[in-house]
Amino acid sequence: MKKVIITGTSRGIGFELAQQFAKNNFQVLALSRNSIPLENLKLNNTTFKILELYYRAFEESISTVLKAKNPKKFLLFTESLVFLSQKHDKIIDDLGKDSIEASQILNEYLDIRLKLRIELEVDFPDISGEEIEKKITPKTKIISITHLSNVTGAILPIKEITELAHSKNIIVVVDGCQGAPHLRLDMQDLDCDFYAISCHKMYGPTGLGVLYGKKKWLEELPPYQGGGGMINEVKKDRISYGELPNKYEAGTMATAQVIAFDQSIKFLESVGIENVMKHEAELVEYGQELLQKNNSVKLIGNPKNKGGVLSFTIEGIHPHDVATILDEDGVAIRAGHHCCQILHDKLNIPASSRASVGIYNTREDLDKLNDAINNCKKIFNQK
């Protein structure tokens, strides 16, 4: 029995396609935010899975699989991606930080094995190009890696890693969401193939991001979304797309957010990224000294090349409780997995607390953080 994955099955094309494939003896995996409409039809050969925020990740995994030698057929519809495949292996050596649910779906449902090659050291040594090279195999096609870890604060040598990867014809995709607001960026110097930025971390608006990509890849890759100005010409038997960057900018642009982000960039430029880096490095050093002297507080990672992140745990107190109590003392931190649950599982901790420093912070803020931590420890009778 052939298998098919269909997204957006709560309504429209996806809803209709799921019914047609199920009736024609396909094993259907139906993905949507709402499974009830399709479940009510009580179709045979149909499995349901609810996805809320994983569509983009799922599409990225699918696009990788489609580059395998033997995918049989795929159909791309508005809000609905259908991928038909017979059994075949596709290996991904992922030197990045965490797995995604999309990979698990492909693994369990289509017997397409996305092998995540993740080597984690509890003492978090600084990662070098030599360490990366040891983990590369002949099957490695993409290295997806963070520029600045949002858990340990480690700054990775992206230029060195890219030079190594390109010498082996490996594509480099960099998660720069944490790196962009804290480091000087020069895409020509780094030479990576893709670099992703989250605008709100650069003092900009939420809901907006930037993806840098080398022109050759942007020209070769198909658009992930259709509509509006990304179309050049549509005929009954063919379609052509607009010139870059229009090819990837379907629909109405978030104009207000883009204008606001322009001002954020000008603000950072007026401060000077070198001044930002110097200020944050001083704060991180001071913050580490404070927290290392605080009993029951354990810092996560101590890389030599570290950005503006201080992640920690307090013995006997859940990080979510820490964040709640600190908030009452006027100290805002983040608690959770920080998009890196596998690392927390490796450390055998449920989550961690993270204090991020920026250009607006001072030593007095870190003193207040330390005082709030001490108050939290008193509440839980910790020394």
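The values are calculated or read from the model by the stated rules, or taken from the named source; none is laboratory data. Note that this is a predicted model, so its numbers are computed, not measured. Here the Cβ is made from the backbone with ideal geometry for all residues, glycine too, and neighbour counts use every protein chain on show.
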Cβ pairs under 7 Å, 6+ apart or interchain, first in region 207-231 and farther than 14 Å from Ile171 by Cβ, second among the charged types (D, E, K, R), ordered by first then second residue, are Pro223/Lys247; Tyr224/Glu59; Gly229/Glu249; Met230/Lys247; Met230/Glu249
Check your understanding: Quick check: anything in region 23-38 assigned to a helix (DSSP H, G or I), modelled with pLDDT of 80 or more and in contact with a helix residue (DSSP H, G or I) (Cβ under 9 Å, 6 or more places away or on another chain)?
Key -> yes
### Query
Within the bounds of region 229-244, is there any residue that is within 26 Å of Asp189 (Cβ to Cβ) and surrounded by 11 or more Cβ atoms within 10 Å (Cβ to Cβ)?
yes
Among helices (runs of 4 or more DSSP H) entirely inside region 287-383, those with 1 or more residues being within 18 Å of Asn150 (Cβ to Cβ) and β-branched (Val, Ile, Thr) are 319-328, 341-347
From the option list Leu268, Leu283, Leu244, single residue qualifying as in a loop (DSSP other than H, G, I, E, B) and at pLDDT 90 or above is Leu244
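Report, by residue number, each residue of region 157-180 that is in contact (Cβ under 8 Å) with a residue 12 or more places away in the chain, over 16 Å from the mean Cα position of the chain (by Cα) and not in a strand (DSSP E or B).
We begin by selecting, within region 157-180, every residue in contact (Cβ under 8 Å) with a residue 12 or more places away in the chain; these are 157-166, 168, 170-180.
Next, from what is left, pick out any that are over 16 Å from the mean Cα position of the chain (by Cα): 157-166, 168, 170-171.
Pro157, Ile158, Lys159, Glu160, Ile161, Thr162, Glu163, Leu164, Ala165, His166, Lys168, Ile170, listed by residue number.
Rundown of residues vs (1) surrounded by fewer than 20 Cβ atoms within 10 Å (Cβ to Cβ); (2) at pLDDT 95 or above; (3) in contact with a Lys or Arg (Cβ under 6 Å, 6 or more places away or on another chain); (4) farther than 28 Å from Glu269 by Cα, yes/no style:
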site	(1), (2), (3), (4)
Leu120	yes, no, yes, yes
Phe124	yes, no, no, yes
Gly129	yes, no, no, yes
Pro138	yes, no, no, yes
Ile142	yes, no, no, yes
Ile145	no, no, no, no
Ile155	no, no, no, no
Asn169	yes, no, no, yes
Pro181	no, no, yes, no
Going through (1) surrounded by fewer than 15 Cβ atoms within 10 Å (Cβ to Cβ); (2) at pLDDT below 95 one by one, Leu347 fails only at (1)
The lone condition Gly301 fails out of (1) surrounded by 15 or more Cβ atoms within 10 Å (Cβ to Cβ); (2) touching a residue at least 40 places away in the same chain (Cβ under 8 Å); (3) touching a Phe, Trp or Tyr at 6+ places or on another chain (Cβ under 8 Å); (4) over 21 Å from Ala180 (Cβ atoms) is (4)
Matching residues in region 216-232 (of a type in the set (D, E, K, R) and under 13 Å from Asn246 (Cα atoms)) number 1
